[in-house]
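Asker: What follows is a structure written as structure tokens; I'll ask about it next.
The values are calculated or read from the model by the stated rules, or taken from the named source; none is laboratory data. Computed from a predicted model, the values in this text were never measured in an experiment. FYI the Cβ positions are ideal-geometry reconstructions off the backbone, even for glycines, and counts take in every protein chain you see.
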2 protein chains.
Amino acid sequence: MKIHNFSAGPCILPETVLNEAAQAVSNFNNLGLSLVEISHRSPDFVAVMEEARSLVKELLHLPDRFDVLFLQGGASLGFLTAAYNFLPEGGRAAYIDSGTWANKAVKEAKHLGGIDVIGSSKASNYNEIPDLGAVPNGSAYLHYTSNNTIFGTQFSGTPQAEAPLIADMSSDIFSREFDANPYHLIYAGAQKNMGPAGTVMYAFDTEAVGKTGRSIPSYLDLQVHASKDSMFNTPSVFPVYVTMLTLRWIKSMGGVKAMEERNARKAALIYGEIDRNDLFEGHAAGNSRSTMNATFRLKEDTKAAAFDTLWKEAGISGIKGHRSVGGYRASMYNALPEESVQVLVDAMQELERTA
Amino acid sequence: MKIHNFSAGPCILPETVLNEAAQAVSNFNNLGLSLVEISHRSPDFVAVMEEARSLVKELLHLPDRFDVLFLQGGASLGFLTAAYNFLPEGGRAAYIDSGTWANKAVKEAKHLGGIDVIGSSKASNYNEIPDLGAVPNGSAYLHYTSNNTIFGTQFSGTPQAEAPLIADMSSDIFSREFDANPYHLIYAGAQKNMGPAGTVMYAFDTEAVGKTGRSIPSYLDLQVHASKDSMFNTPSVFPVYVTMLTLRWIKSMGGVKAMEERNARKAALIYGEIDRNDLFEGHAAGNSRSTMNATFRLKEDTKAAAFDTLWKEAGISGIKGHRSVGGYRASMYNALPEESVQVLVDAMQELERTA
């Protein structure tokens, strides 16, 4: 039976990518060696890293002044790296608290300067993107989390602010087009739309970095990594390779614009059913709904057993909601086919007919 | 033709491990899903992480008070993590400068305190393990790099010191037995004897950690990771899995003691030939020679073309020396068969007969 993988991340990747990745683990580029047992400085792997960096620039239409790196530590280390590289010694920055990860970003940045939270939806269990106060004068940047995986909320577009932007786009990078010009830094863990767990992408404005006056530990210094073409130390070879394959797949499918259109169709399908079907209700407020993660629940818990049986029988995997929200969460990243969303909608309708 | 992979890292892994890893990328545990598209919190992956942590404790005979983590960022981030967790605010620590990576460890630790270098072989291009001065009174720890990959030198055993030890064992972990009792921390990038690039192992004394008085950023705080069973954030799933498989392989081969015996035989074979064959000379001083990386060169550069043809024809890969040393470097990590060293020795002897 085909499995419909709605996992929140690590998550579904294109089948062709996984096949090629498995082959590379056995024998990469017909070298007679595995991808993971050759030097990261060999021409074969340097080509992988360079293609991955270049595809990010191309697919996101990054301005020429941007550089792209693939590092380690996930967005969790990214919270610290962002502040180290863009929050000046003794300076302040503005943050938006739109979910668990946004809140963690605030916590880490506080190690390095004064943080002003200009909007929070914590009081409503993060069921919406908060209204934003003004960014205080002199803020080095405004940091936000573009999509909140746990709560199923997403900024509908780029926040308007006087300050430069920094965004953690871990769970919606490459899912929709945006203009990178207002950003100093975009970072994203790979394990949703980009690839497997184990690498994190940094795209940053080379003209804005390096102005904090800080002495930055080497691994946290974006300029150190950039000066070594993202090979300051041994990169996470397999995750970077599979990310490169996934970026190739995005390009072959028509790029980010095509992903955005497909994601809009999938989101319309699931939210249409959540709104139509009286047995269900959504968690996220209508204007904050995420195209990546749809959070919803049964109005009556007594129907849970019947629904769980239905979706399991349909081959659906990974839709249990996060413990902070409960209910269900259907994660619909780029690689999830529209067919899988239809199968879920069918199960919801079958429950309506039979429960 | 069989390839004899002497790469310095990432490097050769056991063939059975690579086969199983390729299978898991296609279909893991017969789930119908790839290893890299399931949740890291799924029972199937939690079991992988727990087995990897447990195998480290077993294979290294770690005292019960030790905990084991698999994090990201390589030893390069480990240099900073070591100091954050064990160098008290306002304190000092002693370091041994035995090579490029040891030197980088000093540089990163200086962000956090006073560093006393009690021995350096930099003046002789790191061709030996330096003589050690006394560890100053009040040093929080003595840090050293057990094996110097670039220069082919290795501590013959555990340094004797009044202070607790911290060691970067990236390039000889699991290659020989040692007593972990004198250590506060042992850390090692996976990509030599342990697995593919993309994860770094930390084994640390839980009774010694957490006493620095520092406010530590979350990702750099070993106690934060330990409190979440090495799942504070999404781990590097594939590298951890392949590391677990490699640790299983070490155990199946007879454990670290069996590795040590095999590595000693391989080292005896190559160093015996370097010493016997008048065309070659070693870089590392005799009593500092590494069992992992043998560095050597031709006494006459004019024979290089002939030798390079011979070893390439024999299927040897990855023996070009690091640019800091020149010549050749034969890396003989755990997974390298004795047969491969014999093939290299044969090529050296063939050169002697024909050049």
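Asker: Got a sec? Which of A:Ala134, A:Ala94, A:Ala140 is without any contact (Cβ under 8 Å) to a residue 24 or more places away in the chain and more than 14 Å from chain B (Cβ to nearest Cβ)?
Answerer: Checking each option against the conditions leaves just A:Ala134.
Asker: Right, another one. Of everything in the stretch B:25-35, what is buried (at least 24 other Cβ atoms within 10 Å of the Cβ) and either within 30 Å of B:Ser331 (Cα to Cα) or more than 7 Å from chain A (Cβ to nearest Cβ) (or both)? Give them in sequence order.
Answerer: Correct list: B:Val25, B:Leu35.
Asker: Another one. Restricted to the stretch A:131-161, and to residues that are of a type in the set (Gly, Ala, Ser) and crowded, with 18+ Cβ neighbours inside 10 Å, which residue is farthest from A:Lys104 (Cα to Cα)?
Answerer: Top of the filtered list is A:Ala161.
Asker: Right, another one. Looking at A:Ala335, is it farther than 22 Å from B:His40 by Cβ and either modelled with pLDDT of 95 or more or assigned by TED's automatic domain parsing to the domain that holds A:Leu269 (or both)?
Answerer: So A:Ala335 fails the test.
Asker: Shifting gears a bit: Considering every residue within the stretch A:162-169, establish whether at least one is within 14 Å of chain B (Cβ to nearest Cβ), in contact with a strand residue (DSSP E or B) (Cβ under 7 Å, 6 or more places away or on another chain) and buried (at least 24 other Cβ atoms within 10 Å of the Cβ).
Answerer: yes
Asker: Having 2 or more residues that are of a type outside the set (D, E, K, R) and touching a helix residue (DSSP H, G or I) at 6+ places or on another chain (Cβ under 8 Å) is the bar; report the strands (runs of 3 or more DSSP E) wholly within the stretch B:249-355 that clear it.
Answerer: Those strands (runs of 3 or more DSSP E) span B:280-282, B:293-298.
Asker: If you scan the stretch B:226-240, which residues turn out to be farther than 20 Å from A:Ala102 by Cβ, at the interface with chain A (Cβ under 10 Å from one of its Cβ atoms) and in contact with a strand residue (DSSP E or B) (Cβ under 9 Å, 6 or more places away or on another chain)?
Answerer: Those that are farther than 20 Å from A:Ala102 by Cβ, at the interface with chain A (Cβ under 10 Å from one of its Cβ atoms) and in contact with a strand residue (DSSP E or B) (Cβ under 9 Å, 6 or more places away or on another chain): B:Pro235, B:Ser236, B:Pro239, B:Val240.
Asker: Oh, and also: Right, B:Ala304: surrounded by fewer than 20 Cβ atoms within 10 Å (Cβ to Cβ) and out of contact with any strand residue (DSSP E or B) (no Cβ under 7 Å at 6 or more places or on another chain) or not?
Answerer: no
Asker: Continuing with the same structure: For the stretch A:36-53, name all the residues that are of a type in the set (Gly, Ala, Ser) and either crowded, with 18+ Cβ neighbours inside 10 Å or under 20 Å from A:Ser170 (Cβ atoms) (or both).
Answerer: Correct list: A:Ser39, A:Ser42, A:Ala52.
Asker: Something else now. Against the conditions (1) surrounded by fewer than 19 Cβ atoms within 10 Å (Cβ to Cβ); (2) away from chain A (no Cβ under 13 Å); (3) touching a strand residue (DSSP E or B) at 6+ places or on another chain (Cβ under 6 Å), where does B:Val56 fall short? Just the number, please.
Answerer: Answer for B:Val56: the failing condition is (1).
Asker: Right, something else. Filter the stretch B:213-239 down to residues that are in a loop (DSSP other than H, G, I, E, B) and in contact with a Gly (Cβ under 7 Å, 6 or more places away or on another chain) and give me whichever is surrounded by the fewest Cβ atoms within 10 Å (Cβ to Cβ).
Answerer: B:Asn233
Asker: Right, next: Provide a single number: the residues in the stretch B:97-116 that are within 14 Å of chain A (Cβ to nearest Cβ) and touching a Pro at 6+ places or on another chain (Cβ under 8 Å).
Answerer: 3
Asker: Determine whether B:Ile274 is over 23 Å from the mean Cα position of the chain (by Cα) and not assigned by TED's automatic domain parsing to the domain that holds B:Ser170.
Answerer: Judged against the criteria, B:Ile274 is a match.
Asker: Any residue in the stretch A:240-251 that is touching a Pro at 6+ places or on another chain (Cβ under 6 Å) and surrounded by fewer than 20 Cβ atoms within 10 Å (Cβ to Cβ)?
Answerer: Yes, the stretch A:240-251 contains a residue that is touching a Pro at 6+ places or on another chain (Cβ under 6 Å) and surrounded by fewer than 20 Cβ atoms within 10 Å (Cβ to Cβ).
Asker: Filter the stretch A:266-286 for residues that are surrounded by 13 or more Cβ atoms within 10 Å (Cβ to Cβ) and charged (D, E, K, R) and give the result.
Answerer: A:Lys266, A:Glu273, A:Asp275, A:Glu281
Asker: Yes or no: B:Thr246 in a helix (DSSP H, G or I), within 30 Å of B:Gln72 (Cα to Cα), in contact (Cβ under 8 Å) with a residue 24 or more places away in the chain and in contact with a Gly (Cβ under 7 Å, 6 or more places away or on another chain)?
Answerer: Against the criterion (in a helix (DSSP H, G or I), within 30 Å of B:Gln72 (Cα to Cα), in contact (Cβ under 8 Å) with a residue 24 or more places away in the chain and in contact with a Gly (Cβ under 7 Å, 6 or more places away or on another chain)), B:Thr246 qualifies.
Asker: Moving to a separate point now. Just give me the residues in the stretch A:120-130 being surrounded by fewer than 18 Cβ atoms within 10 Å (Cβ to Cβ) and either of a type outside the set (S, T, N, Q) or not assigned by TED's automatic domain parsing to the domain that holds A:Thr212 (or both), in sequence order.
Answerer: A:Lys122, A:Ala123
Asker: Have a look at B:Ser146, B:Ser171, B:Ser124 and point out the one that is polar (S, T, N, Q) and over 19 Å from the mean Cα position of the chain (by Cα).
Answerer: B:Ser124
Asker: Restricting to the stretch B:36-53, name every residue that is aliphatic (A, V, I, L, M) and more than 7 Å from chain A (Cβ to nearest Cβ).
Answerer: Within the stretch B:36-53, B:Val46, B:Ala47, B:Val48, B:Met49, B:Ala52 meet the criteria.
Asker: When you scan the stretch A:40-80, how many residues do you find that are more than 17 Å from the chain's Cα centre (by Cα) and of a type in the set (S, T, N, Q)?
Answerer: Number satisfying all stated conditions: 2.
Asker: Being in the same structural domain as B:His61 (by TED's automatic domain parsing) and either part of a helix (DSSP H, G or I) or within 30 Å of A:Leu112 (Cβ to Cβ) (or both) is true for just one of B:Ser170, B:Ser175. Which residue is that?
Answerer: After applying the criteria, what remains is B:Ser170.
Asker: Let me ask something additional. Hey, can you tell me all the residues within the stretch A:1-16 that are within 7 Å of another protein chain (Cβ to nearest Cβ) and either over 20 Å from the mean Cα position of the chain (by Cα) or free of Cβ contacts under 8 Å to residues at least 40 places away in the same chain (or both)?
Answerer: Residue satisfying the conditions is A:Ile3 alone.
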